[in-house]
Each structure stands twice: as C-alpha cells, then as structure tokens.
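No value in this document is a laboratory result; all are computed from the given coordinates. These numbers come from a predicted model, not from an experiment. Cβ sites come from the backbone with ideal geometry, for glycine too, and all protein chains shown count toward neighbours.
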Amino acid sequence: MPPRNRKERRAAQASTAGNAAFDPASIPLSRPSVVNNSSPNAKARTLYEIAAEREAELKGIRPKEDLKPPSGTEFVTISPSGEISRVDDPSELSTKNQSNTSAPPGDEADVNAPIPPLPDTIFISMPLSVLHFTLSFLAAHQYAQEIPLQTLLRESAFVSFPTLTFLIHLAHGHIISFDIFNSRGKEEQRRNGKNGDPTRQDSTNDDTTAMEKIFKALFPPSAKSIIFVPVACFLGGRLIAITNEASYYAVMKKAPSLGTLWVWLVLELSLIPALLAVLVPIGWAVLFKGYGII
C-alpha cells in the first residue's frame, strides 16, 4: 500500500536509507596538489612581499617573474597621506627623527614667551588696587559713621593704582634693570676662575663653609631681596603699631596703604625672604611691644 501523506513518505524513505549499505571505498582518494612546505629549503612569503608584488603588477613596473624578495632589512617611511617610501640610508631616517623631535612647535614657543612689560605690571597693580579699596572700606566701616564710597573709589583709582603701577614697573626692571648688580658678581667670579691658579681655586672652594652654602640656598643674594626685606619688615611693624596705638582717623588714612604695600613686597619675594618679612614684624610686636596675637 503506497504512503498516503508526507509523514508516511518520510518514514518510508528513512527505512529504505537505513537498510541500504554504504561502502566508504566508493569515494575516490587522492593527494592534494600542494607544494610540500616541510622541506628545509622552502621559504614562505611574507605579507609585505605579497603586497609589493601586487603593487608592482598593478603599476606595471616589472613583470611578476622578475620580482624577487628584498635581501636584508629595508627601512620605509609613511607619509601623513599613507604613501610608503623607501629609505636607502638609515642615518637619514635618524636625522629626520631628531630634527622633528628637537624642533619646538609654535604653541610651546608662544607659551614660553615672556609677558610684555605693561600687562605684566597691570596684572599685579589691578588686584592690589582692589585690595587697597577693600582695606579702606573695612577701616571706614569700623570707625566712620558714614562710608564715603565715592572718596574711597577715587583714592583707589587715581592715587593707589598709578602709584602701584609705577612701583611695580620699577621693581620688575622695566625702567631700571636689577640684573646689572647680579651680572657684576657673576663676571667677577668668572674672572677669578679664569685668572686664578688651580691651587688657589681649590683653597677658595675649601674656605666656603657649609653655613654659607645653606645661607645662599635659602636666601639667594639679589638686589631685590636686599632692598625689599628691610622695607617689608619696616612696613609690617609700622602697620601693627598704627593699628594698635594710633587714633581711628590715622588708621583710616594710613593702614590701607601700608597694608597694600606690605602685601605687595611679600609677594615679590621668594619663599624664605617672604617668611622673614612676615615673621619679623610679628615677632617684634609680640616679644618687644607685648601685643597679643588674638
């Protein structure tokens, strides 16, 4: 009886396929037509060689039969557009890399460029003028019944700002350079080193004590430090004395100016001289005058 539906037909096909005998020998066997790479003389081509052959074939430089793999190491450079170019002399590649790394970019040169004199002065005198106005306002708020705001603004804008601008411009060497004093000492040291005997140089080096080296490291000798430290100590002591002993009117008139100048002198100094300019007036006020810190 023949199968009536798809299910019966599939069952009949499965039964007939299972009964049929499969002979593996019916499949023909043969070795693949591939070159035997197991020999020691065989050398596999690299991707670079295959790409070079393909590029030469496309450009038509030379036929495929004449292509030979390069002997030894080859140096190539890649341009930003992706073009590959060969370098015959490796020293040229090293010199190019050194020139590229040694040449500073334009942005770094712009960053390291010094600030012009006028902006260098204004950037400091403007905040200090604001500090002078703040101290004047606080002093007037403490002692005066009415705060003369217009007078304080006029004094800070037309008196304090021009004075601070001139002093800062002078201190930064834009009017008179302070490097002249430092260069004289360096020139004398160079002359002594050139004209003196080696034995004398050794004796002078031995004479320099450790205390002198420490003092020069902590307090570098410069014209600015020699001038600013005593002035800052004097102004700090004067400010402390006025605020504790003078009348309220004297405090209103003198304390803002003295405080602004003291802050500016401390900011202009290096770390150790600035600490001296702050601690010396405080020590004088506490130890000799008997003022309390709190």
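Numbers below:
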| read-out | value |
| --- | --- |
| The stretch 116-163 - percent relative contact order, Cα under 8 Å, separation 6 or more | 44 |
| Under the Karplus curve 6.51 cos²θ - 1.76 cosθ + 1.60, θ = phi - 60°, whole-Hz ³J(HN,Hα) for the stretch 264-279, x wherever Gly or Pro sits | 5, 5, 5, 5, 6, 8, 7, 5, 5, x, 5, 5, 5, 5, 8, 6 |
| Built amide H within the under 5 Å cut-off of residue 75, gap 5+ | 87 |
| Neighbourhood net charge (13 Å Cβ-Cβ; Lys/Arg +1, Asp/Glu -1) for residue 225 | +1 |
| Packing-based ranking, highest mean first, of 247-257, 149-159 given that Cβ atoms within 10 Å are counted | 247-257, 149-159 |
| Computed E for residue 245/residue 134 - FRET, C-beta separation, R0 22 angstrom, nearest 0.05 | 0.40 |
| Along principal axes, Cα extents of the stretch 233-294, largest first, whole Å | 34, 25, 18 |
| Label zone at residue 142, where the point sits 7 Å out along the Cα-to-Cβ direction: the stretch 226-242 residues whose backbone N lies under 18 Å | 235-242 |
